[in-house]
1. Hey, among Gly99, Gly95, which residue is surrounded by fewer than 17 Cβ atoms within 10 Å (Cβ to Cβ) and not polar (S, T, N, Q)?
2. Assess whether Arg132 counts as being surrounded by fewer than 19 Cβ atoms within 10 Å (Cβ to Cβ), modelled with pLDDT of 95 or more, part of a loop (DSSP other than H, G, I, E, B) and in contact with an Asp or Glu (Cβ under 9 Å, 6 or more places away or on another chain).
3. Just to be sure, is Gly106 more than 25 Å from Gly51 (Cα to Cα) and of a type outside the set (D, E, K, R)?
4. Got at least one residue in the range 88-103 being in the same structural domain as Met126 (by TED's automatic domain parsing), in contact with a strand residue (DSSP E or B) (Cβ under 6 Å, 6 or more places away or on another chain), farther than 22 Å from Arg121 by Cα and at pLDDT 95 or above?
5. Yes or no: Arg121 among the basic types (Lys, Arg), assigned by TED's automatic domain parsing to the domain that holds Ala171, surrounded by 18 or more Cβ atoms within 10 Å (Cβ to Cβ) and touching a residue at least 60 places away in the same chain (Cβ under 8 Å)?
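The values are calculated or read from the model by the stated rules, or taken from the named source; none is laboratory data. Everything numeric here is computed off the predicted structure, so don't read it as measured data. With ideal geometry, Cβ positions are generated from the backbone for all residues, glycine too; neighbour counts draw on all protein chains shown.
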Amino acid sequence: MDMKGFFLFAVIVFVLFGLYMRTSASDYERRSSSTTARPAGRTVVLETEKGPIRILLFEYDMPATTKNFIRLVGDGFYHNMTFHRVVPGFVIQTGDPTGTGLGGSGDTIPLEVNYKHRNVRGSVGMARGGDRDSASSQFYILVGDSPHLDGGYAVFGEVVGGMGVVGNITAGDRLISAGFG
């Protein structure tokens, strides 16, 4: 192989390797690369029957939503909850003390949207009813990308550990506790 052929071969290998590394990055690595300029928020650990789930909160981008969630976590509100809604490949949801999907904390917060945070796999968002300002305590974790939710739901965190656990949650599984970690 002459020098010109070797150089062309090296460029092709370099480009293909770069494409491979880009597409093999984890969801967290891809999302966090665009958010490294802002300070990190607190981390919440959800202890479930299937194992722990670690969530990084977007406190600086979603202050009203995270303030509500932090208050509920601090009050022990999420202890011994049921994952009442599980749609494989789409979402898991908890935060309803009645376990029916109709309950909440008794307080509501207005919808807060920040388009830096999209509804992608591993996103954590506030569930709500038909009224855009009806979010209370129920939250979801996305198992798959769901761009149709963008702009209509407050994405206030991302899973930074335990996506395997998220994928194994089934309807009726328990959220044992939620705390800061």
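1. After applying the criteria, what remains is Gly99.
2. no
3. In short, yes.
4. Scanning the range 88-103 turns up at least one residue that is in the same structural domain as Met126 (by TED's automatic domain parsing), in contact with a strand residue (DSSP E or B) (Cβ under 6 Å, 6 or more places away or on another chain), farther than 22 Å from Arg121 by Cα and at pLDDT 95 or above.
5. yes
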